[in-house]
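What follows draws every value from the coordinates through simple rules; no lab data is involved. The structure presented is a predicted model; accordingly, all values stated were derived computationally and were not measured. Quick reminder, even Gly has a Cβ in these numbers, built from the backbone with ideal geometry, and neighbours come from all protein chains shown.
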Amino acid sequence: MIRIALAGATGWVGRALVAAIAKTDDLALVAAVSRSGAGRDAGEAAGIARNGVVVAATLAEALRTPSDVVVDYTKPNAVKGHALAAIAAGRHVVVGASGLGADDYAEIGAKAAAAGVGVIAAGNFSITATLLKRFTLEAARYVRDVEIVDYASAGKPDTPSGTGRELAEILSARRQAPSSTPVEKLAGIPATRGAAVKTGEHPVQVHSLRLPGYVLAVESVFGAPDERLTIRHDAGSSASPYVAGTLLAIRKVSGIRGLVRGLENLIG
């Protein structure tokens, strides 16, 4: 039985995970974290039967309960601290929250490797979002010009989304040199060309829209002479697409030492 501590247990994905874990035979929720839900029963807070797990206000409190894996679906300003605290406590970690970049993950990966635990992180645990990433990387082998457009709700606190950021970071390391005019050579208002995400030789321009009516969407937009290609993922209003990928990561993470980024590394 894999014992899980879930941070963000009363959030959008967190509630769906509480319900999903309750239906499994090999996973058990033993601790839950939510500032707004502290003191409540985690099952009741998720809209299911009471499960006897009292929601803690902090991860430090939840880590007092023995567990195997910490799953984090909290906020951009909390997730790195949570991951490092969990690693220091000898827990494996699954990171579903967004807001971290390549440098953050380099530090987390080094700490995890030194501690002998595993971390699995993905900008998006949805299968179709994972396919967006796979197809984009394949297309980038043949088309040199690509930019990312990232859509989310008006209230999303981080930009770009974890999906868009992870995609841009890996694209920067693998893409060909673009043919478009470099941003630093533009006149007018160069900032309208988006932000450059660079982890490799060639940066990727990312444009983030935050508007009512969107949950999350990411487009990889390719351009070649006299033709274009758009690869797009749209999320719906339910958290269910993220649950299966997260449960897969929970089941796999104990076999890992150090960091694995991207759900595609778990599904072949």
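Miscellaneous remarks
- Calculated log₁₀ intensity ratio I(q)/I(0) where the Debye formula runs over C-alpha points of the chain, q = 0.09, 0.10, 0.11 Å⁻¹: -0.42, -0.52, -0.62
- Summarising the strand pairing of the range 127-235, around 80 percent of its internal DSSP beta bridges are antiparallel.
- Taking the alpha carbon gyration tensor of the range 1-112, multiplying each eigenvalue by 5 and rooting it gives semi-axes of 23, 14, 12 Å, largest first.
- Here's the picture: charge each Lys and Arg Cβ at +1 and each Asp and Glu Cβ at -1 in the chain, and of G194, G101, V18 the one pushed furthest to the positive end of that dipole is V18.
- The range 70-177 pair-distance distribution - Cα-Cα, 10 Å bins, rounded %: 14, 41, 32, 12, 1
- Helix 79-88 and the long axis of the chain differ in direction by around 50°, with both axes built from C-alpha atoms.
- Prolate/oblate/rounded label for the range 110-163 (Cα gyration tensor, a/c 1.5): oblate
- Helix 12-22 and the longest principal axis of the C-alpha atoms of the chain enclose an angle of approximately 50°.
- Between the C-alpha center of the range 175-222 and that of the range 124-172 there is a gap of 11 Å.
- Eligible lysines near K185 by straight Cα distance, threshold 30 Å, same-chain separation 8 or greater: K133, K198
- Overall Cα dimensions of the range 182-268, principal axis frame, Å, largest first: 51, 35, 26
- Computed 3J(HN,Hα) for the range 111-123, one whole-Hz value per residue from the Karplus formula 6.51 cos²θ - 1.76 cosθ + 1.60 where θ = phi - 60°, is 5, 5, 4, 5, 7, x, 10, x, 10, 10, 10, 9, x, glycine and proline marked x.
- D (Stokes-Einstein, µm²/s), Kirkwood Cα radius, the range 127-235, 1.306 mPa s at 10 °C: 112 µm²/s
- For q = 0.14 Å⁻¹, Debye-computed log10 I/I(0) when each Cα of the range 53-99 counts as one equal scatterer: -0.29
- A helix-only calculation puts the chain at -9000 deg cm²/dmol for mean residue ellipticity at 222 nm, using -39500 (n - 2.57) for each DSSP H run of at least four residues, averaged over all residues.
- Antiparallel bridge percentage (DSSP; both residues within the range 1-147; nearest 5): 5 percent
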